[in-house]
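I have placed the structure first, in the form of structure tokens, so that the comments after it can refer back to it.
Values quoted throughout were computed directly from the atomic coordinates according to the rules given, and no laboratory measurement underlies them. Source: prediction; values computed, not measured. For neighbour counting, all protein chains shown are included, and Cβ atoms are generated from backbone atoms with ideal geometry for every residue, glycine included.
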Amino acid sequence: MVEQMEARTTPVPTPRRRHAGRWAAAVVVAAFIGLLAYGLANKGTDDRIDRALAEGKAPAAPAFTLEVLEPGTPPAGRARAIVKRALADGKVSLSELRGAPVVLNLWASWCSPCRAESKPLEQASRRWAPRGVAYVGLDIQDLRGDARGFLHQQGLTYPSVRDSGRSTADRYGATGIPETFFIDRRGRVVGHVVGAANEEQLRLGSRAALASEVVGRSTGGASFDVR
């Protein structure tokens, strides 16, 4: 009986095996942390748009196809038909907006600088709509209900699309919100404001998008780093 009990006893790992297991686990954890740090450090750092603008060039705006958060009120003139057609199926692609100057503003409902920027944006959208400039909001990393509530509370009437993550922002090289990109009729970025854009920056950027003239990158007010 004793011999049978001894045969069934689970062998105790030797200290060497225990240490090897701990080292293997430590290596796996360290590798994971390293990959995570690398990913965070390289998130949203694509500066190709800003480098091109600094050289006086107008780079192609990165493509996107996103769900419509709120259709809002399309601008007047030729751009009205373009924007209405793009909104019709509940999704908007940048290519569908070709032919209309676009002011693309990145925001989120939890972003306090975005709240402060809302009034100048709405005023500028109304001012430039008769000239065919389409203002489009791009809500990122947000809950759909919170985002819609923000639009209604702030009285924003231009169309908004939604990216539940931040892949679109990454492709544009955005490091925070709010950020605004000015895109001409041919789908090229002619201006970029980092942080909350003021009335003058929106005026210059809208005019540049309409005239296809590069105005470059400028720094606005406060912003949230979302990298």
Treating the Cα atoms of segment 73-122 as identical point scatterers in vacuum, please give the log10 of the normalised Debye intensity I(q)/I(0) at q = 0.14, 0.18, 0.31, 0.32 Å⁻¹, two decimals. -0.46, -0.69, -1.11, -1.15
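Considering all alpha-carbon pairs of segment 132-227, what whole percent are spaced by more than 15 angstrom?
Here the long-distance tail beyond 15 Å is 63 percent of all Cα pairs in segment 132-227.
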The simple spin-label model distance between H152 and R115, using points 7 Å out along Cα→Cβ, in nm, is 1.7
In whole Hz, the Karplus estimates of ³J(HN,Hα) for segment 64-71 (6.51, -1.76, 1.60; θ = phi - 60°; x where Gly or Pro) are 7, 9, 9, 5, 7, 7, 9, x
Step through the residues of segment 184-193 one at a time and calculate ³J(HN,Hα) from phi using the Karplus curve (6.51 cos²θ - 1.76 cosθ + 1.60, θ = phi - 60°), rounding each to whole Hz and writing x for Gly and Pro. 7, 4, 8, x, 10, 7, 10, x, 8, 10
Mind jotting down the distance between the C-alpha centroids of segment 98-135 and segment 168-227, whole Å? 10
Which far-off residues, 5 or more places away or on another chain, put their amide H under 5 Å from the one on G187, with H placed in the peptide plane? G99
I need D184, D139 ordered by Cβ neighbour count within 10 Å, fewest first. D184, D139
Applying the Karplus parametrisation 6.51 cos²θ - 1.76 cosθ + 1.60 with θ = phi - 60° to the phi angles of segment 168-173, what ³J(HN,Hα) value in whole Hz is obtained for each residue in order, glycine and proline being reported as x? 5, 4, 4, 5, 7, x
Using a ≥ b ≥ c from the Cα gyration tensor of segment 48-225 (square roots of the eigenvalues), is it rounded, prolate or oblate, where a/c under 1.5 gives rounded and otherwise the larger of a/b and b/c decides, a/b for prolate? rounded
What is the dipole size for segment 92-142, taken about its Cα centre, with +1 at each Lys and Arg Cβ and -1 at each Asp and Glu Cβ, in debye to the nearest 20? 300
Quick one: T219, T168, fewest Cβ neighbours within 10 Å first, how do they rank? T219, T168
